[in-house]
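Asks: There's a structure below that I have some questions on.
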Amino acid sequence: MQTIDLATTPLRDVNAALQAQASRTNQTEWVIENPKGAHAIAVGLDAPIEVTVKGSTGYYCAGMNKQATVKVTGSAGPGVAENMMSGTVVIEGDASQYAGATGHGGLLVIKGNASSRCGISMKGIDIVVFGNIGHMSAFMAQSGNLVVLGDAGDALGDSLYEARLFVRGAVKSLGSDCIEKEMRPEHVEILRDLLERAGADAKPEEFKRYGSARKLYNFHVDHAGAY
C-alpha cells in the first residue's frame, strides 16, 4: 500500500502517479492523507486500483473515473464522479450538487445526503444515495439508475429520457414528463442487485419507480409550455 500526504506532496504529482497506473498496476492500493478539501483529487484514473481518500474533498473528485475504486472517508464537493465511465466511487459522508453528472457507467454510492441536481444528464451510471437528494435531480437523465433511500426534492426527473428512478421516501414534486411507473419484477431485481452492491440495508418492495412519460420526445404544440 502506497500512502501519499497531500500536506507535503503537490496534487499534480499525486494525480500523475495514480494516472500512470494505466500502463503499470504493480501498486494497486493507495491512501491519500490530508486532502483538506482539495479539488480534483484522483481524477482521470484508468486502472483497476483502489484509492482511499482520508478526509473530505473539493469539487470533481474521481471525475472521469475508469476501472478504479475510489473511497472518500469524508464528504465530497460539487461534481463528484462527474463523467464517470466505470469502476466504483464511494462517499462515506455527504455529496454536494451535481454528483455523478453525465456519468456513463460504474457505481456511485453516497452514504449521506446528496444536494441538488444529483445525476443530472446521467448516461448509464448507477447512483445509490443512502440519504436524501436535492431539487432537479436526474434532470435530463438519459439512462442508468438512481436509487434514493431517503426523500427527493422538487422537480425530480425533469425532462428525463430512459433512466430509472427508485425512491423509498417522499418526493416533493415531479418534473416535466416524469411520472410514477409500475414496479415490475424485472425492476425489483435490478433494484435488489443495486442495493446489494451498495451495501444498503433496504428492501426493493419499499421503493416506488419513476420514469419518463415520453411526451416530450417530439415537439407538440399542445405541450409547448412544458419545453
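Rule-based calculations on the coordinates, nothing more; no lab input. Since the model is a prediction, treat every value here as computed from it, not as a measurement. Every residue, glycine as well, gets a Cβ built from its backbone with ideal geometry; the counts of neighbours run over all protein chains shown.
Asks: Whole-Hz ³J(HN,Hα) for each residue in segment 3-15, computed from phi via Karplus 6.51 cos²θ - 1.76 cosθ + 1.60 with θ = phi - 60°, x for glycine and proline: what do you get?
Replies: So the J values, rounded to whole Hz, are 10, 10, 9, 5, 6, 10, 10, x, 4, 4, 5, 4, 5.
Asks: Calculate, axis by axis, the spread of Cα positions in segment 95-190 along the three principal axes, and write the results as whole Å, longest axis first.
Replies: 32, 28, 22
Asks: Put +1 on the Cβ of every Lys and Arg and -1 on every Asp and Glu Cβ in the chain; which of 185, 57, 31 then has its Cα farthest towards the positive end of the dipole?
Replies: Working it through, the farthest residue towards the positive pole turns out to be 57.
Asks: Something else now. FRET efficiency for residue 15 and residue 222, Cβ-Cβ distance as r, R0 = 45 Å, nearest 0.05?
Replies: 0.35
Asks: Counting only other residues whose beta carbon sits under 14 Å from that of residue 58, what net charge do I get with K and R as +1, D and E as -1?
Replies: Net charge around residue 58: -1.
Asks: Tally Lys/Arg at +1 and Asp/Glu at -1 over every other residue whose Cβ is under 10 Å from the Cβ of residue 144; what's the total?
Replies: 0
Asks: Gain in length, residue 182 to residue 26, computed as 0.36 nm per residue apart minus the alpha-carbon separation, to one decimal in nm?
Replies: 51.4 nm
Asks: Show me 118-127, 146-155, 199-208 ranked by packing, highest mean number of other Cβ atoms within 10 Å first.
Replies: Sorting 118-127, 146-155, 199-208 by mean packing, highest first, produces 118-127, 146-155, 199-208.
Asks: Show me, for segment 165-172, the HN-Hα J-couplings you get by feeding each phi into the Karplus relation (A = 6.51, B = -1.76, C = 1.60, θ = phi - 60°), rounded to Hz, glycine and proline as x.
Replies: 10, 10, 10, 7, x, 7, 10, 5
Asks: Note down the Stokes-Einstein diffusion coefficient of the chain in µm²/s, whole number, using a Kirkwood radius over alpha carbon pairs, 10 °C, and 1.306 mPa s.
Replies: The estimated diffusion coefficient comes to 90 µm²/s.
Asks: Then there's this: Can you give the local net charge around residue 88? Use residues other than it whose beta-carbon is closer than 10 angstrom to its beta-carbon, Lys and Arg +1, Asp and Glu -1.
Replies: Surrounding charge for residue 88 is 0.
Asks: Tell me, what is the percent relative contact order of segment 22-68, built from C-alpha pairs under 8 Å that lie six or more residues apart?
Replies: 43 percent
Asks: Follow-up. Using 27 Å as the Cα-Cα cut-off, could you pick out the over-long pairs in 123/181; 54/111; 71/208; 123/203?
Replies: The pairs that break the limit, which is 27 Å between Cα atoms, are 71/208.
Asks: Looking at 86, 139, 45, which one has the Cα that reaches farthest to the positive end of the dipole of segment 1-147 (charges on Cβ: Lys, Arg +1; Asp, Glu -1)?
Replies: 139
Asks: In whole percent, what relative contact order does the chain give with Cα contacts below 8 Å and a gap of six or more residues?
Replies: 10 percent
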